[in-house]
Amino acid sequence: MHKKAILVAGLLFTTILVIAIACSDSKKNDTGTPTGGGSPTATGGEQPFPDFGFMLTPQQVADSGYKVFRLSQDFPAELPEPKLPEFFNIDFKKDWRKYLLAVQKYCFEGNTEVDFRVHENDIRSWYHMPWQHYGPNGREGFHGLTKEAPVQPQQLASGQNFATSGAWAVGFFNDVAGYTIGQVWKDHDNPVAANMGSGFKNGAVLFKILFLSMPQTVAEQQVPFLQNGIWWDAYATYNFNSSERTHIKVALIQMDIMVRDERAPNGWVFGNFQYNGKMNKANKWENLVPVGLMWGQDPTNNTNQSNPKPTQTIINTKLVETIINPDTTELPPTHLGWNGRLNGPVDNPMSSCYSCHSTAEYPQGSPISPLFDADTLKANPVGSPGWMRWFSNLKCGTPFDSPGYQSTDFCLQMAEAIQNFTTWKATEGGLFYKDYQNVPKAQANDKAPKAEPAKPAKVFPLDRRNI
Ligand code: HEC
């Protein structure tokens, strides 16, 4: 049944959408206009964006009473009143912990009560990025999670042998950030990357919560900090290499934040939290303990050091633009990023938040890490000047490659969303007769002199974070 559900995803999708519209609770905001996704009038009379790409059948959902993910897409048409959150008064370098917890609180308020179904939040508005439903790693329909990155054995804890887990995540944008999404996607059929301009406005807050796909009994045994966990329903898989999805449970493991803060030397502050059930907080979401924050990459530090199978957290005291939580009673052993730069437990130990995110542009002219593309790695070996381009202090709103590339201001979902849309538009999701004509047999092809055809500029995939 599940397999069938995947095969007829397109058809089902339409059905789900119709049901979602029919069931729309028509919650009103102060101005009397419908809020949240699924409304046919969302975003100025445009056809709404799809909410998700993979789910049980509508009948299965109806019979079980599960809640279904709804894309929050009623983006503000005007830049909201610049009323900055209170944490903009906290010095993030000096009071890094206070800052991180204040941002976390801002992201939690009104959301933990409603399981992050943000259209039900009555404290503040949050939005999702459209076009994350598309492709094999697209959003599932319980909570809008996308398939992210495989998790290696011992990456999380020394006893972790389960080898096929992956990270699944959902990202949220506050009203200031939502305004910029709306600018790019004003016309749902013609996203305008150039409307990013010089990027998000001061006060934009982006965050993401990440889950681990591992059976609960295994996780509780092999990854001790996941005991006393938060488990979400997901239409996902315990085998990251498989595209066959079923209804499973996944464990909260990590939270990421990005704040566009004018006080930061390059415009962005990145922060990270790791789940630790031992904290035993009354509100379990608060068991997400600070890992640290970064506002720069220490661009001259090119020592090749990483800690992919952590038994302790190795803090690099030479870094001056990353701060890591030194409290080992609170923070379980964690690998961090390249040479101790900030990264979370399900992130790549040879990268950093800033590094991957600085590449975000349309079209995506470089891989998010040189490690993910053999030719790029060959030309830019670890620690070389070329490699250090991924560890430079690129300023907010600046394209990684230029000219001809539009920065999506460190927002990889934006780059991916436009790329997904463009791919879909070019192919309508299908295969073409012409691609099957005049293809030389593999053997003949090998013998033929190798004439290099003119290649269009390479566009790199964004929909998956390899390790
Ligand atoms: C290996 C590359 C990589 C690393 C390292 C990485 N990210 Fe991301 N991040 C991505 C990609 C790709 C996306 C877009 C797809 C998605 O949502 O996963 C993303 C999405 C996000 C989003 C949602 C908004 C957006 O920009 O698209 C946030 C917030 C975020 N990451 C924060 C962080 C933080 C904080 C860290 C460090 C603790 C981090 N990321 C490390 C690749 C990375």
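What follows is calculated from the coordinates using simple rules that are stated; it is not laboratory data. Not measured: the values here are computed from a predicted model. Don't worry about glycine lacking a Cβ; one is built from the backbone with ideal geometry, like all the others, and counts go over all protein chains shown.
What to note about this one:
- Mean Cβ neighbour count within 10 Å, used as a protection proxy, ranking 240-251, 370-381 highest first: 240-251, 370-381
- Cα-centre dipole for the chain with unit charges at Cβ (Lys and Arg positive, Asp and Glu negative), debye to 20: 980
- Efficiency of FRET between S384 and T311 - r from beta-carbon atoms, R0 30 angstrom, step 0.05: 0.50
- Shape call, the chain: gyration tensor on alpha carbons, a/c limit 1.5: rounded
- Highest mean packing first, where packing is the average number of other Cβ atoms within 10 Å per residue, the peptides 266-274, 428-436 line up as 266-274, 428-436.
- 3J(HN,Hα) along region 310-322: x, 10, 8, 7, 9, 8, 8, 6, 6, 6, 10, 10, 10 Hz, from the Karplus curve 6.51 cos²θ - 1.76 cosθ + 1.60 with θ = phi - 60°, whole Hz, x for Gly and Pro.
- Measuring r between the beta carbons of L79 and D187 and using R0 = 25 Å, the FRET efficiency lands at 0.85.
- Measuring r between the beta carbons of S64 and E262 and using R0 = 45 Å, the FRET efficiency lands at 0.45.
- Extreme residue, positive dipole direction of the chain, given options P461, G141, N202 (C-beta unit charges): P461
- Candidates per trypsin sites (Lys or Arg not before Pro) in region 50-126, loop by DSSP, up to 11 other Cβ within 10 Å: K83, K94
- ³J(HN,Hα) computed for each position of region 245-260 - Karplus, 6.51 cos²θ - 1.76 cosθ + 1.60, integer Hz, glycine/proline x: 9, 9, 7, 10, 10, 10, 9, 4, 10, 7, 9, 10, 10, 9, 10, 7
- Full-extension gain in nm, K434 to E113, via 0.36 nm per residue minus C-alpha separation: 110.3 nm
- Peptides 45-52, 179-186 ordered by average Cβ neighbours within 10 Å, highest first: 179-186, 45-52
- Relative contact order (%) - region 2-441, alpha-carbon pairs under 8 angstrom, separation at least six: 12
- Taking the centroid of alpha carbons for each part, region 75-92 and region 115-184 are 23 Å apart.
- Here the sum of -39500 (n - 2.57) over DSSP H runs of 4 or more residues, divided by the residues of the chain, equals -5500 deg cm²/dmol at 222 nm, to the nearest 500.
- In this simple spin-label approximation, K98 and L377 carry label points 7 Å from Cα along the Cα→Cβ vector, and these lie 4.4 nm apart.
- Distance between the C-alpha centres of region 226-263 and region 308-348: 20 Å, rounded to the whole angstrom.
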